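Some notes on the structure that comes next.
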């Protein structure tokens, strides 16, 4: 199972119940098809970078989940068929092991001398001119 992140924009002119229904439809689709470890982040109503279907705002939702690879094509088809969803973007993300992340943090926290930074001396010295 791979980890994916999908962000989609829902029509903000819909009532709150319809927005929740659309979001729940996406979540149910993922769960029914073997998805797990859902992390749902509702960003809310934000201004779009450019108008989409003569609308300047959209309701943004970001979901991180794990599913088999073949499900992404079906999920994007689900997005296309849903008229309430303007745009969507699904990315495959790599999750580093906890040990690798901890090792990177310890390297960043080392003092400058341990990393090999050389203290600089002034390159030019002032000389008195007669």
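FYI, it's all coordinate maths here, none of it is from the lab. Note that the coordinates shown come from a computational prediction; the quantities given were computed from them, not determined experimentally. Glycine gets a Cβ as well: all are built from the backbone with ideal geometry, and neighbour counts include every protein chain shown.
Some observations on this one:
- Here's the picture: a label point sits 7 Å out from the Cα of residue 62 along the beta-carbon direction, and within the stretch 24-38 the residues with their amide nitrogen under 18 Å of it are 27, 37-38.
- The convex hull around the C-alpha trace of the stretch 18-99, projected and averaged over every direction, spans 6.5 square nanometres.
- Cut-off 19 Å, label 7 Å out along Cα→Cβ of residue 48, residues of the stretch 1-18 by amide N: 7-16, 18
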